[in-house]
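I have placed the structure first, in the form of C-alpha cells, so that the comments after it can refer back to it.
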C-alpha cells in the first residue's frame, strides 16, 4: 500500500468518532463582526502611521508631485559600482513618468539573472493593496510590481501605493486578493530580532523601504 | 552539523542542570519578558481577540475532523497548479524523498528556510549523510548551526545565546562554511546581522535547490504560505530553480479566506507585531517567476496517532507561534533544551509525547510533568489549545502505560490505600491529626525559613524523596483544626 493510502486510512480510522453524515463544513466558524469602517481619509492616515511604525520611510504626496518624490527617495544614495548613475530595477508596467532621468534603468524580466539583480542599487514598484491596520503592502506581482525576486534582492525598495488601494484591515485585503497569483506581504523593511531581541533592519531583504502614498 | 536531542536526560534532571546556568536564566528572563510585553500590547489593540481565537480554533477543528477530505482536496489543487505532491509516513520516508530530489538535480547543497517539520525529521543530518550540505538561512538557525548547538525556542532558536557568544561563533565558524566573518567584527547586533547577510547572500545566489516548511496550506486553492521576518524565506522561495516544501498534514486550511483569521492571530501571538515583515504565498508554479519545479511533501510522522486521541487531538491546531513558551514559568527558568525535543515548552510537553507515544522511554514520559499546570499557556494560545487539560490527560496515560508492567503496588498506591483507611474513620483521622501536630512542632524546629515567612522542610527521606526533591515541603500545622475548634470555636458558635 502506498504512503498516501496508509496516511489517509490511518486518518480515517483516527476519526471514527466523527459521524459519517457530518458535513465537511460542520464546525461553525464565526468571524468577528466587521468594525464600523473609518472614513477613507482616516484609513489612509492610519496606513501611513502604521507603515512608519516599522521604521519604513513614508511620504504622502499627489500624482503631480510623485515623480519628484521618487527622485528624492533615490537622492543621496551612492551607487554600488562606486561611480556613474544609480542602477535602478524597473518592473514592466511601472509608470515611466515616475522614473527619474538621471538613473540607469535595468528593466526587470524573467531573463534577468539573480546576479544582475544583486548589482542593482534599488527597485521601484507599485503595489496591489495597502492594509491600514497592520501597515502592510501586498504585492501580487502584476503590472509594475516585478517578479518576487525584484523587490527582494536590491537594498532599497521604493514602493508607490495609490490612496485608493488602501483597505482598512487584513480580512478586507484577503477578500480582494487573487490566491492564484504569488503574493508578497511586506510590513516594513527586512528585520531580525534574533540577537538579544534587538531589532535590526535588513538581514536579507531591502534594508530601506520607502513608501509613497499617492493621491490625486 | 547540528546535533540531535538524542540522549537528553528526563526533564527533572535536565532542568536542574539548566537552573544552575545563571547566564541562561538571565537571557531567558529578558527575552521572554520582552516578548510577553509586546504581545500583550498588540493583542490589546484587537477588540474582538477572543472571537478571533474562537474562529481560529474552529477553522483548525473543521480541518482536523475531516482531514482526509481536505488532504485529498489539497493534493488535487496543488497538482492542478503544477506542483508535485509526495506523501511521507515518517521521518525516514520524508528524508528519502528530499534527498532523492536533491540528488536528481545533481546538487551538493540546499538552502533552507527555518522549518519545525524539517527539524522534527532531522533532515539536515539525512542530507549531510548523503553528502549534501544543508544551509540554514534564518539568522538564529545559522547561529545554532554554526555553533553546533540545538535550538531552544520555536521562534527565536538562539534565545539562549548573547551577542558576545554569537560574535565568537561567527568568527570561529563562518570561514569553514563559506564566506568568513570580517576580522574586525564587533558584538553590535547590526554588525553581526551584516556579517550574516554577506555570508548567506553568497549561498542564496548560487543555490539551485531550496527546502522550506509551510505555515499554512490552503486545500481549496493549493496555496502554501510562509511567514517570516528577515527575507531569507523569500530568498529561498524565489531564487532557486527547485523548491521542496515539507508540510505536516495538520497545516491545512479549508479556504483562502481562512488566512485572514490566521494572519491576524499568528504575528501578534508570536513576535508581538501587528504583522511580520514578510509573508509569502505561492500556488504551484508561476511561469517566469520563482522556482519552476515545486514539490510538496505531506508528512504524517505520528500526526495520525495524535488525531486518534480525542482529548489530545487539539494539539494539532497549533500554529507554532510560541506564545505558550514565553508565558510559561517553567520554560522561562529552564529554557528549551531541558525538554529534549524539537518542540519545547508547554506545546512541546503535549505534542512530543503524543508524536512519539508514551510508555516507551522515561524522557518522553517526563514531559507531561514539566508543568505547574498554571494555565497561562491556555490563556495566550491563539487557537485555544487547552494545554493543561492535555497535560493531565497525558499524565494519566503515562501512569496507565506503566501500571500494566507493574506487579507489586507502588509506594503511591500504598500511601493512597493508607490514606483511605485513615480518612474513612473520624477517630483515625483525629489520631492522625494529633500525630501530625506533634510532627509539626518537631519539624518547625528543624525547618528553614522560606520567602513569605513560612517554614519549610528540605528534602525528606524515604519514598517521598522523589516528590520533595523538587518542592518545598510545608511544615504541618502545630495544632489541628479540630484541636483549635475544641479550644476556641465552640463558645462563639
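Here, each number is a calculation from the coordinates, and none is a lab measurement. What you see is a predicted model, and the numbers here were worked out from it, not measured in a lab. For neighbour counting, all protein chains shown are included, and Cβ atoms are generated from backbone atoms with ideal geometry for every residue, glycine included.
What is the order of B:79, B:271, fewest Cβ neighbours within 10 Å to most? Intermediate results must be reported in sequence, preceding the final value.
Numbers: B:79 14, B:271 26.
The fewest-first ordering by Cβ neighbours comes to B:79, B:271.
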Q. In degrees from 0 to 90, rounded to the nearest 10, what is the angle of the helix B:67-80 Cα long axis to the longest principal axis of chain B?
A. 20 degrees
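When the gyration tensor of segment B:86-157 is built from Cα positions, what are the square roots of 5 times its three eigenvalues, in whole Å, from largest to smallest? Kindly include the intermediate steps, with their values, before the conclusion.
Values: eigenvalues 89, 42, 18 Å².
Semi-axes (√(5λ), whole Å): 21, 15, 9.
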Q) By counting other Cβ atoms within 10 Å of each Cβ, how are B:347, A:131 ranked from fewest to most? A) B:347, A:131
Q.
I'm a student and want to see the number: the projected area of the Cα convex hull of the protein assembly as shown, averaged over all directions, in nm².
A. 38.0 nm²
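With N set to the number of residues, divide the alpha-carbon radius of gyration of segment B:220-303 by 2.2 N^0.38 Å and report two decimals.
Numbers: Rg = 13.6 Å, N = 84, 2.2 N^0.38 = 11.8 Å.
Against the compact-globule rule of thumb, the ratio is 1.15.
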(Q) At a 10 angstrom cut-off on C-beta neighbours, averaged per residue, how do the peptides B:274-285, B:58-69, B:392-403 rank from highest to lowest? (A) B:274-285, B:58-69, B:392-403
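Once every DSSP H run of n ≥ 4 in chain B is given -39500 (n - 2.57) and the sum is divided by its residues, what mean residue ellipticity at 222 nm do you get, rounded to the nearest 500 deg cm²/dmol? Please report the intermediate quantities before stating the final value.
Values: 23 runs with 246 residues, N = 493.
Value at 222 nm, helices only: -15000 deg cm²/dmol.
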(Q) What number results when the radius of gyration of chain A, computed over Cα atoms, is divided by 2.2 N^0.38 Å? (A) 1.28
(Q) So for segment B:395-489, averaging the separation of alpha carbon pairs under 8 Å that are six or more residues apart and normalising by length, what relative contact order in percent results? (A) 24 percent
Q) So what's the convex hull volume per residue for the Cα atoms of segment B:148-188, in Å³? A) 83 Å³
**Q.** Approximate spin-label separation residue A:77-residue B:6, in nm, with each point projected 7 Å along Cα-to-Cβ
**A.** 4.9 nm
**Q.** Value of relative contact order over segment A:1-144, rounded to a whole percent, pairs C-alpha under 8 Å and six or more apart
**A.** 23 percent
Q: Any chance you could give the angle, 0 to 90 degrees and rounded to 10, that helix B:189-206 forms with the longest Cα principal axis of chain B?
A: 50 degrees
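Quickly rank B:304-310, A:9-15 as a protection proxy: mean count of other C-beta atoms within 10 Å, highest first.
With the highest mean Cβ count within 10 Å placed first, the list reads B:304-310, A:9-15.
What FRET efficiency do you get for residue B:206 and residue A:57 if R0 is 25 Å and r is their Cβ-Cβ distance, rounded to the nearest 0.05?
Numbers: r = 32 Å, r/R0 = 1.28.
That pair, residue B:206 with residue A:57, gives E of 0.20.
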**Q.** Cubic angstrom per residue, convex hull over Cα atoms of segment B:411-493
**A.** 122 Å³
Q) Label points 7 Å out from Cα along the Cβ direction at residue A:18 and residue B:92: separation in nm? A) 2.9 nm
Q. Rounded to the nearest 500 deg cm²/dmol, what is the calculated helix-only ellipticity per residue at 222 nm for chain A, with -39500 (n - 2.57) per DSSP H run of length n ≥ 4?
A. -6000 deg cm²/dmol
Q | Expected-Rg normalisation [2.2 N^0.38 Å, Cα atoms] applied to segment B:1-40 | A | 1.53
**Q.** Angle between chain A longest axis and helix A:40-53 axis [Cα atoms, degrees, rounded to 10]
**A.** 80 degrees
Q: Based on the mean of other Cβ atoms within 10 Å per residue, sort peptides B:246-255, B:157-166 so the most packed one is first.
A: B:246-255, B:157-166
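In µm²/s, what is D for segment B:17-57 at 37 °C and 0.692 mPa s, where D = kT/(6 pi eta Rh) by Stokes-Einstein and Rh is the Kirkwood radius from Cα pairs? Intermediate results must be reported in sequence, preceding the final value.
Values: Rh = 12.4 Å.
Translational D for this selection: 265 µm²/s.
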**Q.** segment B:1-108 - convex hull of the alpha-carbon atoms, volume per residue in Å³
**A.** 249 Å³
Q: Treat chain B as a sphere of radius equal to its Kirkwood radius over Cα pairs and apply Stokes-Einstein at 25 °C in a medium of 0.890 mPa s; give the translational diffusion coefficient in µm²/s, rounded to a whole number.
A: 98 µm²/s
**Q.** Fraction of beta bridges assigned by DSSP in chain A that are antiparallel (%, nearest 5)
**A.** 25 percent
Q. For the residues B:263, B:423, A:156, what sequence is obtained by ranking on other C-beta atoms within 10 Å, fewest first?
A. B:423, A:156, B:263
Q) What average count of beta carbons from other chains do you get within 10 Å of the Cβ of residues in B:237-244? A) 3
Q.
If you take each beta carbon of peptide B:56-66 and count the beta carbons of other chains within 10 angstrom, what is the mean?
A. 4
Q) For segment B:348-493, max minus min Cα coordinate along each principal axis, in Å, sorted largest first? A) 59, 41, 33
Q | Cβ neighbours within 10 Å from other chains - mean over B:258-270 | A | 4
Q: Kindly state, to the nearest 0.05, the FRET efficiency for residue B:171 paired with residue B:333, given R0 = 30 Å and r defined as their beta-carbon distance.
A: 0.45
Q) Of all DSSP beta bridges in chain B, what percent run antiparallel (nearest 5)? A) 35 percent
Q. Given q = 0.11 Å⁻¹, what are the Debye log10 I(q)/I(0) values for segment A:33-160, with equal point scatterers placed on the Cα positions and solvent ignored?
A. -0.41
Q) In whole percent, what relative contact order does chain B give with Cα contacts below 8 Å and a gap of six or more residues? A) 19 percent
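Just to be sure I understand: of the beta bridges DSSP finds with both ends in the protein assembly as shown, what percent are antiparallel, rounded to 5? Walk me through the intermediate numbers first.
Numbers: 26 of 75 bridges.
Percent antiparallel among DSSP bridges in the protein assembly as shown is about 35.
For segment B:314-414, report the translational diffusion coefficient in µm²/s to the nearest whole number, using Stokes-Einstein at 20 °C, 1.002 mPa s, and a Kirkwood Rh over Cα pairs. Could the numbers behind the result be given before it?
On the way: Rh = 14.0 Å.
Using the Kirkwood radius from Cα pairs, D works out to 154 µm²/s.
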Q | In Å, descending, principal axis extents of the Cα set of segment A:118-216 | A | 36, 31, 30
